[in-house]
1. Using 0.36 nm times the number of residues separating LYS175 and LYS427, minus their current alpha carbon distance, what extension gain do you get?
2. Which of the helices in the chain, when you take each full DSSP H run, stretch at least 18 Å along the axis at their Cα atoms and have an average Kyte-Doolittle score of 0.0 or higher?
3. Once the other residues with Cβ under 11 Å from the Cβ of ILE164 are scored (Lys, Arg +1; Asp, Glu -1), what is the net sum?
4. From largest to smallest, what semi-axes in whole angstrom does segment 1-159 give when each is the square root of 5 times an eigenvalue of its alpha carbon gyration tensor?
5. Using the 10 angstrom Cβ neighbour count as an exposure proxy, how do PHE308, PHE116, PHE93 rank, fewest first?
6. VAL378's amide H: which non-local residues (gap 5+, or another chain) put their own amide H closer than 5 Å, with H modeled 1.01 Å from N in plane and none for Pro or chain starts?
7. Could you tell me how far the Cα centroid of segment 100-140 sits from the Cα centroid of segment 78-93, in Å?
8. Going by how many other beta carbons lie within 10 Å of each one, how would you line up THR52, THR394, fewest first?
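Every read-out reported here was derived from the displayed coordinates using simple, explicitly stated rules and does not represent laboratory data. Note that this is a predicted model, so its numbers are computed, not measured. Here the Cβ positions follow ideal geometry from the backbone for every residue, glycine too, while neighbour counts run over all protein chains shown.
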Amino acid sequence: MKNSGPNILFIIIDSLRVDRITGSLKTAKTPNLDKLINTGVFFDHTIAPSDTTNPNIGSIFTAQYPFRSGVDMYRNHKKSCKFFKNLNENDFFRCATVPNTSFFRTLTKDFEHTDFIEINPNQSLEDGVGDKLLKQIQLNSMNSPWIHYVHLLDLHPTKNQFLIPEKYNDEKFGKSKYDQTISIIDEWIGKILAKVNLNNTLIIVSSDHGEYISEYTNLIHNIDNLENVFKKLKNYLPFLESMANAGNWQKNKAPSIGTQLINNTRKIIFERRKSKLKKYLTESEIRSLNYRLQWDLFDEIIRVPLIFVGYGIKHVPLIDKQIHQMDIVPTINDILQLPNEKIFDGRSLLPFMKNITPSEKPIYLETATTKPKSLGNVVGIRTPEYKMYKPRLTGSYQTKLFDLKNDPLELNNLAKNEPIIIKKLSKMIFDIQRSDFSKEKELLKKRIRQKRRLLTLKE
Ligand SMILES: [Zn+2]
């Protein structure tokens with residue numbers, strides 16, 4: 001007979017910034033997330049290793065840095081499946097509600113049930129995803145223990161394309177469309193919670209990365225009809241048609257040349273508009289118009305919320321210590337009393353939940369890239385005190401160093417004044433990169449020892 005739990009409900013709200021659900025910048029209405037925070041354990045300094053979805057989700061499920069697991073935009077997606085395989089071996093029914101992209105199709109390939117969310121246009125909770133999700137969560141109880149991995153796209157960076165139902169199009173639900181969407185998500189979280197028994201369900205709520213949000217977004221990004229222009233152009237220039245079909249990132253390939261053409265044209269237009277706006281906006285307002293996957297690793301794109309609640313989790317006050325996304329799986333394993341692997345870079349957060357405060361670890365960072373077979377522009381490190389990042393290859397772009405304690409908004413670049421700190425932090429980057437080899441070496445040595453032992457036994 002199957003046992004009755006614990007079940008796991010793992011919700012990733014794509015592109016959710018932590019500072020939009022707590023703190024002074026919060027304008028969304030989130031009674032349900034508040035309740036989870038106030039009854040569970042909330043880590044408000046959870047750091048993502050990069051600035052985009054696939055490597056970060058890969059980092060969560062492999063409990064390794066992306067550079068170590070090799071999970072990037074296009075490669076090694078299979079490596080993220082192991083956590084779910086282990087759960088399957090422990091009799092878990094595996095269920096998912098995830099975007100219909102190559103990465104998530106691979107991740108959920110042998111799940112017992114998967115509902116896909118179409119990403120073009122983004123299907124939202126209000127648009128049917130929510131109803132389907134509620135139905136499935138109710139059905140899950142027939143297959144306990146279960147894990148349901150939910151990856152919501154409602155906040156996905158469609159910039160000004162948020163569709164806000166009339167009811168929420170009001171300042172009381174948030175100052176921006178992004179914040180109003182958070183209010184909508186929160187209401188659905190309330191509906192989901194009503195269907196789940198918290199006594200035997202472990203709930204994890206987090207995000208894959210943050211996002212740049214600006215009230216000036218419309219001034220820059222309002223060129224929705226660019227695709228239509230290209231479609232019309234195809235009639236006059238038929239070769240565009242074949243270009244547009246040459247590859248498809250949803251099929252695990254690079255974006256088609258047509259898509260790349262549209263994206264590049266869009267970028268050129270955005271940059272021109274941005275430089276015109278520079279005269280009128282403050283530095284941080286200009287920064288809010290940035291994109292991910294470029295030359296920066298500000299906290300707004302790599303700091304995400306993390307909540308553990310339900311199944312035996314006792315409330316402790318907000319934990320503001322720096323932790324990593326790759327700590328999530330070791331924590332789940334620890335709670336379920338499943339073994340953690342030596343190759344994990346992440347560690348269990350259970351001591352924090354028992355009011356023991358382990359030391360904070362420096363976190364290696366890098367920007368990701370959408371270009372196949374290449375690496376992101378910058379690498380960096382975040383300690384509780386400082387964040388530093390610099391070009392991966394020597395380039396003209398300057399190194400950035402921020403004093404996180406005294407300048408949490410990362411406005412003053414100290415790189416030129418603090419060569420000793422830069423040197424120290426560069427060494428930390430080098431040590432983490434190098435530890436890759438030492439871990440491999442350690443494993444290799446262990447295997448050799450085991451083989452020798454076996455040979456001796458045979459003798
Ligand atoms: Zn994402």
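1. Using 0.36 nm per residue and subtracting the Cα-Cα distance, I get 86.5 nm.
2. Working: long enough: 177-194 (26 Å, 0.12); 257-277 (30 Å, -0.64); 419-458 (58 Å, -0.65).
Going by DSSP H runs, the hits are 177-194.
3. Working: positive: LYS167, LYS177; negative: GLU126, ASP154, GLU166, ASP170, ASP179.
It works out to a net charge of -3.
4. Values: eigenvalues 113, 88, 60 Å².
Whole-Å semi-axes of the equivalent ellipsoid: 24, 21, 17.
5. Working: PHE308 24, PHE116 16, PHE93 20.
Ascending Cβ contact count within 10 Å gives the list PHE116, PHE93, PHE308.
6. Hits under the 5 Å cutoff: THR367, ARG392.
7. 18
8. Working: THR52 21, THR394 7.
The fewest-first ordering by Cβ neighbours comes to THR394, THR52.
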